[in-house]
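Have a look at the structure below, then the notes.
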Amino acid sequence: TQSKQDIADMKIKDNSQDSRMTTIESDASGTKTTVSNIQKAQDAQAGSISTLHQRADGFDADVKTINGATAKAQLTADNATTALANYKTDADGRISKAQSDITQTAKDVTTKVSQTDYNTKTGDLDTRVTKAQTTADGVVTTVGAYKTSNDNRVSAAETKISQN
């Protein structure tokens with residue numbers, strides 16, 4: 001009877017862990033959407049930079065200075081795109097590992113009913129889920145900071161060109 005109760009308790013804990021994993025997967029999906037939106041914004045900004053180049057040709061301003069600023073903005077955008085891709089790869093890898101660990105823990109729970117083993121695996125899983133959530137939160141923060149920084153740089157470049 002105690003073993004049946006232990007198994008029932010383990011199934012409840014497993015369902016709770018599945019729910020937390022679903023939340024993490026949802027957060028990761030939201031992060032992917034945010035990255036996609038930033039990439040679309042970058043594409044739109046690249047178009048704006050091209051338009052600014054065309055306007056600059058009609059002015060007597062120093063074209064070399066404008067080209068240098070545009071190249072720097074593009075390099076910043078390229079570096080940000082690379083960083084975002086690296087964050088996405090890292091987050092995807094951690095989520096995949098967490099899913100694999102959950103599957104393995106579920107298999108271990110069905111083959112072992114030792115409370116000590118169960119407690120050890122559950123604590124390890126909680127730690128990994130927390131790490132995955134922290135990583136996802138960090139990606140969202142980094143993406144937001146990049147977007148703000150990039151918007152400010154493009155605005156400054158447009159202002160400078162308009163003044164010339």
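Computed from the coordinates I sent, P(r) over Cα pairs in 10 Å bins from 0, in percent equals one of (1) 11, 40, 38, 11, 0; (2) 10, 24, 16, 15, 14, 9, 4, 3, 3, 2, 0; (3) 9, 28, 19, 15, 12, 8, 5, 2, 0. Tell me the label. Only one option fits the structure, namely (3). Which entries in Lys13/Lys131; Lys4/Lys121; Lys11/Lys32; Lys40/Lys147 show an alpha-carbon gap greater than 22 Å? Beyond 22 Å between Cα atoms: Lys11/Lys32. Rounded to the nearest 500, the 222 nm mean residue ellipticity of the chain from helices alone is -35000 deg cm²/dmol, with -39,500 (n - 2.57) taken per DSSP H run of at least 4 residues. Were the residues from Asn37 through Thr1 laid out at 0.36 nm apart, the gain over their Cα-Cα distance would be 7.5 nm.
In a fully extended conformation the segment linking Thr127 and Thr159 would gain 6.7 nm over its present Cα-Cα distance, using 0.36 nm per residue.
Using the Cβ-Cβ distance between Thr141 and Thr103 with R0 set to 35 Å, the FRET efficiency from 1/(1 + (r/R0)^6) comes to roughly 0.75.
For the pair Gln115 and Leu75 in one chain, pulling the backbone fully straight at 0.36 nm per residue adds 8.9 nm over the alpha carbon distance.
Each value in this text was obtained by applying a stated rule to the coordinates, not by laboratory testing. If you're wondering where the values come from, they're calculated on a predicted model, not measured in any experiment. Cβ atoms come from the backbone with ideal geometry, glycine included; neighbour counts cover every protein chain shown.
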